[in-house]
Amino acid sequence: MSRELGLEEALDIAMDAELKAQAFYAQAAVEIHDPQGRDLLGRLAAFEQYHYQKLAELARSLQQDGQFIAYEAMTVEQFAPAPAGGEASGTQLDELENTAAILSKAIENEKIAGERYRVLAEETDDAQGQEMFRQLAYEEMIHQRILEDEFYSISNEGTWGWSRMYGE
């Protein structure tokens with residue numbers, strides 16, 4: 001699979017990263033007092049939990065049957081916000097003192113996740129596996145763009161744009 005990591009190890013790293021992302025967003029939702037910000041961060045927490053669940057399902061399928069699984073693409077709007085709270089161990093949330101810093105860290109994390117899935121797609125021979133990893137990379141890129149839009153809105157308008165741009 002990977003020149004440095006096997007698929008199993010790469011999946012373990014990706015699942016750990018998804019759990020950390022879920023915890024980061026859940027804890028960030030506590031720190032953000034704006035309802036639109038809490039809504040977005042809660043939805044992202046739920047989405048990252050979905051990624052974790054699908055990766056765990058893939059890992060089980062590969063161990064049991066040696067088969068990749070079908071992956072259902074989702075959008076942020078499809079998720080109900082996860083309950084705010086939880087520990088963000090290893091997420092560096094403690095070091096982030098304001099909304100802009102939280103959004104910057106989230107953007108950075110999404111970039112890293114997207115790149116991880118792009119590499120997995122390139123290094124996977126199975127067509128269904130390639131499609132799953134490409135879709136995961138795409139979803140992380142969409143998260144990144146939404147967060148960049150929010151960073152812009154907060155920095156230039158002083159408000160969250162989530163409800164105006166994407167919300168219900």
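The values are calculated or read from the model by the stated rules, or taken from the named source; none is laboratory data. Because the structure is predicted, anything quoted here is derived from the model rather than measured. Heads up, the Cβs are rebuilt from the backbone with ideal geometry, glycines too, and the neighbour counts pull from every protein chain shown. Just so you know, the surface numbers come from the protein's heavy atoms only, side chains and all, with ligands and any DNA or RNA stripped out. Shrake-Rupley method; radii C 1.70, N 1.55, O 1.52, S 1.80 Å.
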Taking Glu115 as the residue in question, decide whether it is modelled with pLDDT of 95 or more and acidic (Asp, Glu).
-> yes
Considering segment 1-21 alone, what residues qualify as being open to solvent by 40 Å² or more (accessible area, probe 1.4 Å), modelled with pLDDT under 95 and not basic (Lys, Arg)?
-> Met1, Glu4, Leu5, Glu8, Glu9, Asp12, Ile13
Please indicate, with yes or no, whether at least one residue in segment 127-149 is touching a Ser or Thr at 6+ places or on another chain (Cβ under 7 Å), hydrophobic (A, V, I, L, M, F, W, C) and either open to solvent by less than 80 Å² (accessible area, probe 1.4 Å) or on the phi > 0 side of the Ramachandran plot (or both).
-> yes
Any idea which residue in segment 89-108 is surrounded by the most Cβ atoms within 10 Å (Cβ to Cβ), counting only those that are modelled with pLDDT under 95 and under 23 Å from Glu9 (Cα atoms)?
-> Thr91
Among residues of segment 117-131 being in contact (Cβ under 8 Å) with a residue 12 or more places away in the chain and not in a helix (DSSP H, G or I), the residue nearest to the chain's Cα centre (by Cα) is Thr124
Scan of segment 63-82 for residues that are farther than 16 Å from Tyr117 by Cβ and buried (at least 17 other Cβ atoms within 10 Å of the Cβ), ordered by number | Val76, Phe79, Pro81, Ala82
